[in-house]
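> Let me give you the structure first, and then I'll get to my questions.
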Amino acid sequence: MVDIAGLLESSRLLDNWELDSVKKETEETVARSLISYRHLKTELQSQCFSLSAQEERLDEESGAEPMTVWVMGSWGALESVDGKTEDAEEYSRKKRELTKEIVMLKIQVLCLKQVHVSSCIKQLQDLITKGSKTPTPEGLQFCRFEEWVQGNQQIYKLQSKMLDLEAAKIRLHKEFCIQDDKELSQSSVSSITTRQSFTSHLEKKLGSKEPDVTSGDLNLEEVVVSPGSLEIASILDRILDTNHINSTFEACKLKAYIRECWDVQNIDDEFPTGVHPDRYQEFVGGMAQYIIDKQLTHQRESLSYDMVYAKLEQYLLPSIYNLIQAHIRKPEEDKRISQIYKNLAHITQTQFGINVVYQDDGIAPYYAAVASMKSMALSILPSRKIHAIVSAAHCVFKKLNELSMLENSKPPGADEFMDVWVYVVLKSKIPNLASTIAFLRRYSNPNLAFSEAGYYLASVEFACQYLVRINEQDYRDKTHLLTERIVVCEQARFGKMAREEAAVFEIVSQDKWLQGFEVFAVKEWHLDPTRFYRTVIVPSSDKSKKVKVSVVKVRPENTSFAQIEMLEQVFMCPANENGLLCIRTNYGIAVTLNVDHVRDQLTLIPIPDGEYDSFEDTVTNFATLDKLACDYNPLPRNAPAEIVLMTTVFETIQRMEDIVSNTYGIANSPHGAVRNLIGALVIALRQLSYLSSLFDTPEVYSALIQSAVQKFQTDYNRKCQSSISRLPCNGLLCPNTWEALQNSLGKAPKMTIAKS
């Protein structure tokens, strides 16, 4: 080999890889060209000697005693070919023959180049007698050597034969391993029914290989061109660019294959042509190996097969991607998975069977992994799609390790990974998932199957098959609430909810009397319109006590998984939060209260005759008084849970109705001054744009109304110049706030309001 680094800068070699390596500070002269051609001739002779030595080694191997042959299995494990010795020997023999033919063709190409170089040297030697600084004729310029190579038909034909032989080597290897592929397919996803079986199947295919997740660093392989290889990448761009100007051998072959893909109408498995995956892999694999072999004789940065394969994808797939999709798409499976995405859109981690230790309590669980998986759709290149899968797996293991350290539990393994992985694939909602997997399986770099990238691609494939086979009803059947009947005291409210379109509840029976129980209204719950119930029933020692109830059940066809989980928390009270308990009665389950475990402030109002609906408005008006700052001062509490008799409620409301009417100037009516005041307040807030015009007039002073009042108070204080006139910013409707609202509506002059 010639030591290129030792050559003078003015006489650096020009080869197929770097047309601009010769720096032309001045016009190329005869002497400069002669030096360059002499060095090139030396290099060509060195390459010929190297290839001749390789040919001799192949001849020696063909006559040597056969050795034990091993082949790389489809999942990275080395498998012996015992029992297939004859096939292995035949495979080795044919591979040597193909390699030898390629070497001989390379020697022929070098010989043609040497003849041309020798001719140029002879002509330049004749010209140098006229002066060493004489400009070199255009036909003899060293910078034109590559153009001569690209235009030489003999060299083009020899290179085409080399490319065909490289494709033949790939075809030979595939035929030899096809039996292993058949055995692999027979034990594939057809027998997989659970995520645990996915894990065991993967471990079997990997030879019990499992990613090292204890350290949190998976050392995932980069499947795209690395930033540190920009020089090599630019060279690949120059020789592979398929624009009409580029006439390199590689670019011409790419354009020819693209024309073939568009010309072939019918894809035949017996004679693979066009975009058939066998033909594609033979062409791309052969071209990648051809480019790799061509650079072996040059002392440069190592060029990896994966890098070349990724670059070939970049220049080839945009032109034939739609043709490939038309060939491999799986519309029925894609449609089925899209429906699964919709049906299981609200499924929770608990419902999906993820261990509580590894449940991400973020707003969007495993967001980073889901985002990485979604990025698959941003590129059509298989290498980029697989890189997105690997990145998603990295995010999953990183999060699993974080959660395990928080709980001081054992490091996550394949079982924990698979549970979360299928959940991530489901939440990613990858469009046309089945077709995408088929595309990656058939058109991605085969080398990736031997790496962790192959492990994760297989995991996505198994997740896809799991989703195809999934039975949504299985998840719903695990929900105990769907099998229960629920006893409720608010008959009118639940009757209204049951009559709504796509109602969550269905009325089973009405006007049932539940013996041996009392019903208590909880005052604080009556101002929260999002609560399903505002009462609790309590067992009574007086068996003559009774409560009028309705019996309802959840309609699973109208509820999502998230809604079901929320309803379970509401009606079955698994956490016993704030003293709430779920008890079983003659008609079904019901919510009761253990006052000894109440933490939050609750005011319990016993309903005298057990019929809550008759007292609902009264209790609501009583709860609203807490939001009106007008001489209403409840008695101090001695405990979080306090009982207020209904007689006290009536007396308080009667007294406050007159006060509200006089203080706020609201006329009393059968509905009560308090109810009328709330209606007038909502109208005022809508007119001042603190509430939407679509906001219905509510029956309660809800948190939304309180927030709107607080925003008005804040804005009013910001505009107010006098500190005496400032309003309290608590969202409560005091007389000063009401007067300020009326002034704002009437656009009256700013006035001083007495401090409340």
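The values are calculated or read from the model by the stated rules, or taken from the named source; none is laboratory data. Note that the structure is predicted; figures quoted are calculated from it, not measured. Heads up, the Cβs are rebuilt from the backbone with ideal geometry, glycines too, and the neighbour counts pull from every protein chain shown. Accessible surface is based on the protein model in full, side chains and every heavy atom, while ligands, DNA and RNA are left aside. Shrake-Rupley method; radii C 1.70, N 1.55, O 1.52, S 1.80 Å.
> Looking at M418, is it modelled with pLDDT under 90 and touching a Leu at 6+ places or on another chain (Cβ under 9 Å)? Quick ask: steps written out before the conclusion?
Numbers: modelled with pLDDT under 90: yes; touching a Leu at 6+ places or on another chain (Cβ under 9 Å): yes.
So M418 passes the test.
> Also, quick follow-up: Determine which member of the set T648, T714 is under 15 Å from F622 (Cα atoms), out of contact with any Pro (no Cβ under 6 Å at 6 or more places or on another chain) and not aromatic (F, W, Y).
The conditions single out T648.
For (1) closer than 30 Å to S234 by Cβ; (2) touching a strand residue (DSSP E or B) at 6+ places or on another chain (Cβ under 6 Å); (3) of a type outside the set (S, T, Y); (4) assigned by the TED database to the domain that holds Y466, each residue gets a yes or a no:
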position: V275; (1), (2), (3), (4): yes, no, yes, no
position: K342; (1), (2), (3), (4): no, no, yes, yes
position: Q349; (1), (2), (3), (4): no, no, yes, yes
position: S375; (1), (2), (3), (4): yes, no, no, yes
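> Report the residue count in the range 302-357 for those that are part of a helix (DSSP H, G or I) and open to solvent by less than 30 Å² (accessible area, probe 1.4 Å). Talk me through it step by step, then tell me what you get.
As a first pass, look at the range 302-357 and keep what is part of a helix (DSSP H, G or I): 305-328, 331-343, 356-357.
Imposing the further condition that a residue be open to solvent by less than 30 Å² (accessible area, probe 1.4 Å) reduces the set to 307-313, 316-317, 320, 324, 328, 334, 337, 340-341.
So the answer is 16.
> Any chance you could count how many residues in the range 418-441 are assigned to a helix (DSSP H, G or I), open to solvent by 10 Å² or more (accessible area, probe 1.4 Å) and polar (S, T, N, Q)?
1
> Just a yes or no: is a residue in the range 510-529 modelled with pLDDT under 85, open to solvent by less than 40 Å² (accessible area, probe 1.4 Å), over 27 Å from D334 (Cα atoms) and not polar (S, T, N, Q)? Write out each step before concluding.
Filtering the range 510-529 for residues modelled with pLDDT under 85 gives 527-529.
Retained after the next criterion (residues that are open to solvent by less than 40 Å² (accessible area, probe 1.4 Å)): 527.
Filter again for over 27 Å from D334 (Cα atoms), leaving 527.
This time we only want the ones that are not polar (S, T, N, Q), so: 527.
Among the residues of the range 510-529, at least one is modelled with pLDDT under 85, open to solvent by less than 40 Å² (accessible area, probe 1.4 Å), over 27 Å from D334 (Cα atoms) and not polar (S, T, N, Q), which makes the answer yes.
> Out of curiosity, is D415 charged (D, E, K, R) and either touching a Lys or Arg at 6+ places or on another chain (Cβ under 9 Å) or not in a helix (DSSP H, G or I) (or both)?
In short, yes.
> For A449, work out the one condition from (1) surrounded by fewer than 21 Cβ atoms within 10 Å (Cβ to Cβ); (2) within 31 Å of the chain's Cα centre (by Cα); (3) farther than 30 Å from K342 by Cα; (4) modelled with pLDDT of 85 or more it doesn't fulfil.
A449 satisfies all of (1) surrounded by fewer than 21 Cβ atoms within 10 Å (Cβ to Cβ); (2) within 31 Å of the chain's Cα centre (by Cα); (3) farther than 30 Å from K342 by Cα; (4) modelled with pLDDT of 85 or more except (4).
> Report, ordered by the first and then the second residue, all pairs with beta carbons closer than 7 Å, sequence separation of six or more or different chains, a first member in the range 490-502 that is at pLDDT below 90, and a second member that is in a helix (DSSP H, G or I).
Matching pairs, first to second residue: A502/N558.
> Hey, another quick one. Quick check on the range 358-367: of everything there that is part of a loop (DSSP other than H, G, I, E, B) and out of contact with any helix residue (DSSP H, G or I) (no Cβ under 8 Å at 6 or more places or on another chain), which residue is least open to solvent (accessible area, probe 1.4 Å)? Quick ask: steps written out before the conclusion?
Let us first name the residues in the range 358-367 that are part of a loop (DSSP other than H, G, I, E, B), namely 359-366.
Still in the running and out of contact with any helix residue (DSSP H, G or I) (no Cβ under 8 Å at 6 or more places or on another chain): 361-363.
Working: D361: 144, G362: 34, I363: 180 Å².
Per the stated criteria, the residue is G362.
> Now a separate question. Kindly indicate whether E332 is charged (D, E, K, R) and under 30 Å from I564 (Cβ atoms).
The answer is yes for E332.
> Now for a different question. K429 versus (1) out of contact with any Lys or Arg (no Cβ under 8 Å at 6 or more places or on another chain); (2) over 16 Å from G353 (Cβ atoms); (3) charged (D, E, K, R): which is the lone unmet condition?
Result: K429 passes all but (1).
Results for (1) hydroxyl-bearing (S, T, Y); (2) touching a residue at least 12 places away in the same chain (Cβ under 8 Å); (3) surrounded by 15 or more Cβ atoms within 10 Å (Cβ to Cβ), shown as yes or no for each residue.
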{"site": "V551", "(1), (2), (3)": "no, yes, yes"}
{"site": "T559", "(1), (2), (3)": "yes, yes, yes"}
{"site": "A562", "(1), (2), (3)": "no, yes, no"}
{"site": "F571", "(1), (2), (3)": "no, yes, yes"}
{"site": "E577", "(1), (2), (3)": "no, no, no"}
{"site": "G588", "(1), (2), (3)": "no, yes, yes"}
{"site": "H597", "(1), (2), (3)": "no, yes, no"}
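> Also, quick follow-up: Name the single residue, out of those in the range 483-496 being open to solvent by 10 Å² or more (accessible area, probe 1.4 Å) and out of contact with any strand residue (DSSP E or B) (no Cβ under 6 Å at 6 or more places or on another chain), that is nearest to R584 (Cα to Cα).
Among those that are open to solvent by 10 Å² or more (accessible area, probe 1.4 Å) and out of contact with any strand residue (DSSP E or B) (no Cβ under 6 Å at 6 or more places or on another chain), it is T483.
> Given the conditions (1) in a helix (DSSP H, G or I); (2) more than 14 Å from M162 (Cβ to Cβ), report the number of the one that K133 does not fulfil.
Result: K133 passes all but (1).
> Another question about this same structure. Which of the residues belonging to the range 639-675 are open to solvent by 50 Å² or more (accessible area, probe 1.4 Å) and closer than 21 Å to F712 by Cα?
T663, G665, listed by residue number.
> Restricting to the range 719-756, and then to whatever is farther than 23 Å from V682 by Cβ and open to solvent by 80 Å² or more (accessible area, probe 1.4 Å), can you tell me which residue is modelled with the highest pLDDT?
The first filter runs over the range 719-756 and keeps only residues farther than 23 Å from V682 by Cβ, leaving 720-726, 749-752, 754-755.
Cutting the leftovers down to open to solvent by 80 Å² or more (accessible area, probe 1.4 Å) gives us 721, 723-724, 726, 749-750, 752, 755.
Values: Q721: 72, S723: 65, I724: 66, R726: 82, P749: 36, K750: 39, T752: 36, K755: 37.
Within the range 719-756, the match that is modelled with the highest pLDDT is R726.
For (1) farther than 18 Å from Q325 by Cβ; (2) modelled with pLDDT of 80 or more; (3) open to solvent by 10 Å² or more (accessible area, probe 1.4 Å); (4) not in a helix (DSSP H, G or I), each residue gets a yes or a no:
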residue	(1), (2), (3), (4)
E260	no, yes, yes, no
Q265	no, no, yes, yes
V275	no, yes, no, yes
D278	no, yes, yes, no
Q281	no, yes, yes, no
G285	yes, yes, no, no
Q289	yes, yes, yes, no
K294	yes, no, yes, no
H298	yes, no, yes, yes
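> Filtering the range 400-411 down to residues that are more than 15 Å from Y456 (Cβ to Cβ) and surrounded by 14 or more Cβ atoms within 10 Å (Cβ to Cβ), which residue is modelled with the lowest pLDDT?
P411
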